[in-house]
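The values are calculated or read from the model by the stated rules, or taken from the named source; none is laboratory data. The model shown is predicted, which means the values in this text are computed figures rather than measured ones. Cβ coordinates were reconstructed from backbone atoms using ideal geometry, including for glycine residues, and neighbour counts include every protein chain displayed.
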Amino acid sequence: MLSANFKRLSLACLAASLLLAGCSREDSQPDTAVVEDTVPAAQDSATAGSDAATSPADPAVTDAFRTFLEENYAVDMARFPMSASYRGIKTNQDQWDPVNEDFQQETREILEARLAQLQAIDRSALSPQDQLSWDLYKLDLERQLAADDFRHHHYVIHQFRGPHTLAASGLINIHRVNTLADAEAYIGRLNNLGDWFDGVVEQVRIRGEKNLLLADWQYPQMIESARNVISGAPFDDSGSDSTLWEDFQGKVADLEVEPEVRERLLAEAREALLEVVQPAYQELIAALEAQSEDAPDADGVWKFEDGDDFYAERLRWFTTTDLSADEIHDIGLREVDRIHGEMREIMREVEFEGDLQAFFAFLREDPQFLYPETAEGRAAYLADAREAIDNIRQILPEWFGLLPEAELVVKRVEAFRERSAGKAFYQGPPPDGSRPGIYYANLYDMTAMPTYQLEALAYHEGIPGHHMQRAISVELEDIPEFQRYASFTAFTEGWGLYSEELAKDMGMYEDPYSDFGRLALELWRACRLVVDTGIHSKRWTRERAIDYLVENTPNSVGDSTKAIERYIAMPGQATAYLIGKLKIMELRERAREELGEAFDVRDFHDEVLKDGPVPLSLLERKIEALIARGGEA
């Protein structure tokens, strides 16, 4: 890892070079503008293009700015090695992303230094493309600092996500073993897991001291998932291999090395599992068990000191707007009513007799909508999901100019984490194409994966949803590396939800029940606005939120329970989907209306995707610029 002194020296030297390049024109930077209902953007659309027209980009400032971004990115990949591995970078490949308090404080200091350095760069001396990168970087720094103001309000571990599952899923799915050095780095990660988990236990303790605890029912799920990782050989004599031991043996078996080298690697990995991994997990489990005795039964973050302010920050982070909890709650209620109306139209189409609640019960209970709870049923689900993706893939050129090069595969969520994982999610590919994009379907409980929702889920997680957006993003050329991976949930998940409806425009959902499934998933996201704000702002109980989903959606009690438990663990995150989708739909219709015959949906989609993830304020600015150009992306 980089030393603290090296990092501070590097940042100081970089700051000096940037000041020399940028400070002479600092006073000419435009004022910050605010787009209605959004976070502040660095510059409004009216002036975004005028800089380039009156002042050509300054090569010295441009070079300094790009060097600033490149060097910062290199520092980040050295400091966050697991994130680097996810992106196909092997820097410090035997390490994990630290979470200890000293590291987090150092991170804050680096962010503050970068913000000061960035503001010393004359934005008006950059090209429009670099100005967008400047805006994104500034916004990302500011939002990371705002999030760090609530550092310990954020859960370091919860039942859906955390080091206890990342250790296994990261090594299995992200850490490739193509060389001897890769295998040795894998063993290094096993040996360094203890230090990483020491930081996790420290963070658990700090939250306990500040009374920033999870709800009581969350602890057993985390403990169970942690125990699953250290179950099986070499940890016990149960007769089956543990997940990690099975993974390492399989990867080493495919490695072209001498037999004695392979035996050495296996012996070292086994020792690391027994001497480091198992004790680290046992210590974490003990810390969680001890803390569970003090855990409250209240679910929302309102229970914390400054909980309302924390939740407001979470809503800003995930939606990239300034919408309040009350405003989001009201949007959700309106959207639920709208979607219920569209569902009743499908009820009439299929000639169902009864009210909407009876239709929901029919869809939950009738076996025609369920895959068998068998190996064959699960295989059929995966095959049908692949077929849905293959069908829509064939017509993508009619709707997009930009197309991803990375492959997409559909996989079942691994057994060790399927009980606590969400129903579906996507893992993006690295830029080098060494790993495909993966659509994970959680097939633990087949009643939670009905036939009528299969298409919409496949389009959301795969094509034209997350795989289109994320694979294209990492494959983009001529944008800074940070921009490929920027995290703006309203954009990313808004695109996924938008893609579900886009698939209808593209001619999918020939079966009316599948179209109902599309509406059911949109309804699910509308209900999220209601229940997320209900739990974390309006003090709803877990049970009241579950009841709301059961009463207003066709989803099962089990599905609804898992969902509410997710929203409790990740406050605010669930609100991003529909807020983002509504904005994308609004912008598409605005472009269609203002451009008339010049509107081309391919240009619209390319404009949305061509700069990577952006906050909704900057997305609006981009589409306004597209309209001003006459519709050409």
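From the residues in the stretch 443-453 that are in contact with a Phe, Trp or Tyr (Cβ under 7 Å, 6 or more places away or on another chain) and part of a helix (DSSP H, G or I), which one is nearest to VAL557 (Cα to Cα)?
That would be MET446.
May I ask you to list the residues in the stretch 285-313 that are in a loop (DSSP other than H, G, I, E, B) and of a type outside the set (Asp, Glu)?
ALA295, PRO296, ALA298, GLY300, PHE304, listed by residue number.
Going through ILE568, ILE584 one at a time, which residue ends up being under 30 Å from LEU214 (Cβ atoms) and either modelled with pLDDT of 95 or more or not in a loop (DSSP other than H, G, I, E, B) (or both)?
ILE568
Name the residues in the stretch 263-289 that are among the hydrophobic types (A, V, I, L, M, F, W, C), surrounded by fewer than 17 Cβ atoms within 10 Å (Cβ to Cβ) and in contact (Cβ under 8 Å) with a residue 40 or more places away in the chain, would you?
LEU274
Just name the residue that is surrounded by the fewest Cβ atoms within 10 Å (Cβ to Cβ) out of those in the stretch 87-114 that are within 15 Å of PHE482 (Cα to Cα) and touching a Phe, Trp or Tyr at 6+ places or on another chain (Cβ under 9 Å).
Residue satisfying both the conditions and the ranking: ARG87.
Taking interchain pairs and intrachain pairs at least six residues apart, which have beta carbon atoms under 8 angstrom, with the first residue in the stretch 470-481 and within 14 Å of SER133 (Cβ to Cβ) and the second aliphatic (A, V, I, L, M) and part of a helix (DSSP H, G or I)?
Here the result reads SER473/LEU609; PRO480/LEU69; GLU481/LEU69, each pair linking the stretch 470-481 to a residue that is aliphatic (A, V, I, L, M) and part of a helix (DSSP H, G or I).
How many residues, within the stretch 542-571, are within 16 Å of ALA526 (Cα to Cα) and among the polar types (S, T, N, Q)?
Adding up the residues that qualify gives 4.
Going through ARG592, ARG621 one at a time, which residue ends up being farther than 29 Å from LYS423 by Cβ, more than 24 Å from the chain's Cα centre (by Cα), among the charged types (D, E, K, R) and part of a helix (DSSP H, G or I)?
The conditions single out ARG592.
Check the stretch 73-83 and report whether any residue there is modelled with pLDDT of 95 or more and part of a loop (DSSP other than H, G, I, E, B).
Yes, the stretch 73-83 has at least one match.
Kindly check whether there is at least one residue in the stretch 604-612 that is in contact with a Ser or Thr (Cβ under 6 Å, 6 or more places away or on another chain) and outside the structural domain of LEU214 (by TED's automatic domain parsing).
Yes, the stretch 604-612 has at least one match.
Pick from the stretch 393-411 the residues that are out of contact with any Lys or Arg (no Cβ under 6 Å at 6 or more places or on another chain) and closer than 13 Å to GLU461 by Cα: which of them is surrounded by the most Cβ atoms within 10 Å (Cβ to Cβ)?
Restricting to residues being out of contact with any Lys or Arg (no Cβ under 6 Å at 6 or more places or on another chain) and closer than 13 Å to GLU461 by Cα, the top hit is LEU408.
For the stretch 84-112, how many residues meet the condition of being assigned to a loop (DSSP other than H, G, I, E, B) and on the phi < 0 side of the Ramachandran plot?
Of the residues in the stretch 84-112, 12 are assigned to a loop (DSSP other than H, G, I, E, B) and on the phi < 0 side of the Ramachandran plot.
Kindly provide the set of residues from the stretch 347-369 that are touching a residue at least 40 places away in the same chain (Cβ under 8 Å) and surrounded by 16 or more Cβ atoms within 10 Å (Cβ to Cβ), ordered by number.
Correct list: PHE359, PHE360, LEU363, ARG364, PHE369.
Only one of (1) in a loop (DSSP other than H, G, I, E, B); (2) at pLDDT 95 or above is not met by ARG176, so which one is it?
All conditions pass for ARG176, except number (2).
Here are some residues: ARG602, ARG621. Which one is touching a strand residue (DSSP E or B) at 6+ places or on another chain (Cβ under 7 Å) and in contact (Cβ under 8 Å) with a residue 40 or more places away in the chain?
None of the others qualify; the one that does is ARG621.
Kindly indicate whether ALA545 is under 23 Å from the mean Cα position of the chain (by Cα) and either part of a helix (DSSP H, G or I) or among the acidic types (Asp, Glu) (or both).
Spelling it out, it is not the case that ALA545 is under 23 Å from the mean Cα position of the chain (by Cα) and either part of a helix (DSSP H, G or I) or among the acidic types (Asp, Glu) (or both).
Any residue at all in the stretch 203-223 that's on the phi > 0 side of the Ramachandran plot, assigned to a loop (DSSP other than H, G, I, E, B) and touching a Ser or Thr at 6+ places or on another chain (Cβ under 6 Å)?
no
If a residue has to be touching a residue at least 60 places away in the same chain (Cβ under 8 Å) and assigned to a helix (DSSP H, G or I) to count, how many in the stretch 370-380 make the cut?
The total comes to 2.
Given the conditions (1) within 30 Å of ALA421 (Cβ to Cβ); (2) modelled with pLDDT of 95 or more; (3) of a type outside the set (D, E, K, R), report the number of the one that VAL601 does not fulfil.
(1)
Given the condition farther than 29 Å from LEU69 by Cβ and modelled with pLDDT of 95 or more, answer yes or no: does some residue in the stretch 136-147 qualify?
No.
What pairs come out if I take residues in the stretch 233-262 that are under 15 Å from PHE416 (Cβ atoms) and pair them with residues that are of a type in the set (Ser, Thr, Tyr) and assigned to a loop (DSSP other than H, G, I, E, B) whose C-beta lies under 8 Å away, six or more apart or interchain?
Short answer, once both residue conditions are applied: ALA233/SER240; ALA233/SER242; PHE235/SER242; SER238/SER231; SER242/SER231.
Give the residue, chosen from GLY250, GLY232, GLY239, that is more than 25 Å from ASP182 (Cα to Cα) and of a type outside the set (A, V, I, L, M, F, W, C).
GLY239
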